[in-house]
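What follows is a single structure, written as structure tokens, with notes after it.
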Amino acid sequence: MSILEDIKSYKITEVADAKEHTPVQELRARVTNAPRPRSLEKSLRTAATRGFGLIAEIKRSSPTRGELRPGLDPADCARAFEAGGAAALSVLTDHRSFNGSFADLTAAREATSMPVLRKDFIVDEYQVLESRARSADAILLIMEILDPRQAADLNAFAQDLGLEVVVETHTAVQVEAALSFGAAMIGINNRDLHTFTADLSTSVELAKRCPSGTLVISESGLSRRGDLEFLAANGIHACLIGESLITQPDLTEAVRSILPTTPQETE
């Protein structure tokens, strides 16, 4: 069983357990008291006019590298990323593989004015409702673990709740599927989730399949300013960076040093 297959399997079990602990009706009640979502898309587009739209990720650990930042404080990380010029945050909430939690997401969101993307492996509407109830501004849907109909239904459900959605893709077929159900933000993962090799040309080639005006977000394999300048030269508006930022001693300086400064066209 691959890592992704294992994660999907335990997510299904986690959701079943969560429904027993916190019924859907209780989550819906919490949604009515949740703060109004901040717009991830607007924040990224605005940042791109100043240079580049960066989503900085708060990630405690990974299955391959273990603990990434000993003593990580999500609020401190969020403030440091914002001071450096990040446009938004991504927060891992998966606990079993990444040691994340909703507590991390809440602390990060309360510490800044940036929108927060919940980074998890969403396979059920319950998780979408949970995301809205727990103050996420946007969610990630990963096409690698969803069939097109399931992704379309989850995307529509999220929008009905006021959540924005980044649909993560890695192949042309996945991009076409995401576009077919009206995905407004297309994430392109440069890393092959089976071999774990990363190639930035994946973003460049797949971005060509997206209509003008689509917000394309490059993910994985980005570690230096030259990588972002390469993306910008090829018309890509934004990116998500995780491990290469969170492992740096000075997070504010890490963001400043990687962001291009030349304004980019976003439409």
Do you know which of the residues in region 216-235 that are within 16 Å of the chain's Cα centre (by Cα) and either of a type in the set (K, R) or more than 22 Å from Q150 (Cα to Cα) (or both) is surrounded by the most Cβ atoms within 10 Å (Cβ to Cβ)? S218
When you go through A16, A75, A47 one by one, which is the residue that is surrounded by fewer than 14 Cβ atoms within 10 Å (Cβ to Cβ) and aliphatic (A, V, I, L, M)? A16
What pairs come up if the first residue lies in region 209-234 and is within 19 Å of S180 (Cβ to Cβ), the second is in a helix (DSSP H, G or I) and modelled with pLDDT under 95, and their beta carbons are under 6 Å apart, counting only those six or more places apart or on different chains? none
If we keep only residues of region 185-202 that are surrounded by 14 or more Cβ atoms within 10 Å (Cβ to Cβ) and modelled with pLDDT of 95 or more, then the residue nearest to I217 (Cα to Cα) is G187
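The values are calculated or read from the model by the stated rules, or taken from the named source; none is laboratory data. Nothing here was measured: the structure is a model prediction, and the numbers come from that model. All Cβ positions, glycine included, derive from the backbone under ideal geometry; neighbour counts span all protein chains shown.
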